[in-house]
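> Structure below; questions to follow.
Each reported figure results from applying straightforward, stated rules to the coordinates on display, with no laboratory input. All values reported here derive from a predicted model rather than from experimental measurement. All Cβ positions, glycine included, derive from the backbone under ideal geometry; neighbour counts span all protein chains shown.
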Amino acid sequence: MERVPMGENERVNDSAVAEVRARMLGEEDFLDLADLFKLFGDPTRLMILFALEQKELCVCDLAELLHLTKSAVSHQLKSLRLSNLIKFRRDGQNVFYSLADAHVRSIIDIGLEHLQE
């Protein structure tokens, strides 16, 4: 990273910088985290995640609920599944989706709680 020159009256707190630097993650970790948050940046995916937080649903249920085509829902479900945010189970020919784990539920709930402050 490029070093920014400081003004005359500014001094770096070397111990604070060293303490935080020791705890910093690698750039790859931040890229992965940014990719995760990008998934939460799409309103359709958020609606799907919120719906699946309430109840396990199939593609047809989600399409009806969100007034989308099954194809559009399937496309979003694939992104969410590949990122391990949702899981699925088969029941005969039906496939039902739910949140992958409590962490996903927490991310949604904390985001909503922050908005309601």
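> Quick one: count up the residues across segment 30-63 that are over 20 Å from Asp91 (Cα atoms) and out of contact with any helix residue (DSSP H, G or I) (no Cβ under 7 Å at 6 or more places or on another chain).
The total comes to 13.
> Okay, moving on. If I filter segment 82-117 down to residues being among the small types (Gly, Ala, Ser) and more than 11 Å from the chain's Cα centre (by Cα), which single residue comes out as farthest from Leu36 (Cα to Cα)? Don't jump to the end; show me each part of the working.
Of the residues in segment 82-117, the ones among the small types (Gly, Ala, Ser) are 83, 92, 98, 100, 102, 106, 111.
Remaining after also requiring more than 11 Å from the chain's Cα centre (by Cα): 92, 98, 100, 102.
Details: Gly92: 32, Ser98: 18, Ala100: 14, Ala102: 16 Å.
In this case the residue turns out to be Gly92.
For every residue, the table says whether it meets (1) closer than 23 Å to Gly111 by Cβ; (2) in contact (Cβ under 8 Å) with a residue 24 or more places away in the chain; (3) more than 17 Å from the chain's Cα centre (by Cα); (4) outside any strand (DSSP E or B).
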{"position": "Arg45", "(1), (2), (3), (4)": "yes, yes, no, yes"}
{"position": "Leu49", "(1), (2), (3), (4)": "yes, yes, no, yes"}
{"position": "Glu53", "(1), (2), (3), (4)": "yes, yes, no, yes"}
{"position": "Ala63", "(1), (2), (3), (4)": "no, no, yes, yes"}
{"position": "Leu68", "(1), (2), (3), (4)": "yes, yes, yes, yes"}
{"position": "Ser71", "(1), (2), (3), (4)": "no, no, yes, yes"}
{"position": "Leu77", "(1), (2), (3), (4)": "yes, yes, no, yes"}
{"position": "Leu80", "(1), (2), (3), (4)": "yes, yes, no, yes"}
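> Does at least one position in segment 21-42 carry a residue that is in contact with a strand residue (DSSP E or B) (Cβ under 6 Å, 6 or more places away or on another chain), touching a residue at least 40 places away in the same chain (Cβ under 8 Å) and not β-branched (Val, Ile, Thr)? Before you say what the answer is, go through the steps one by one.
The first filter runs over segment 21-42 and keeps only residues in contact with a strand residue (DSSP E or B) (Cβ under 6 Å, 6 or more places away or on another chain), leaving none.
There is no residue in segment 21-42 that is in contact with a strand residue (DSSP E or B) (Cβ under 6 Å, 6 or more places away or on another chain), touching a residue at least 40 places away in the same chain (Cβ under 8 Å) and not β-branched (Val, Ile, Thr).
> Go through the residues of segment 1-24 one by one and say whether even a single one is assigned to a helix (DSSP H, G or I), closer than 26 Å to Ile110 by Cα, under 19 Å from the mean Cα position of the chain (by Cα) and not hydroxyl-bearing (Ser, Thr, Tyr). Reasoning before the result, please.
Start the filter on segment 1-24 by keeping residues that are assigned to a helix (DSSP H, G or I), which leaves 14-23.
Filter once more, so that each one left must be closer than 26 Å to Ile110 by Cα: 20, 23.
If we keep only those that are under 19 Å from the mean Cα position of the chain (by Cα) too, we end up with none.
No, that holds for no residue.
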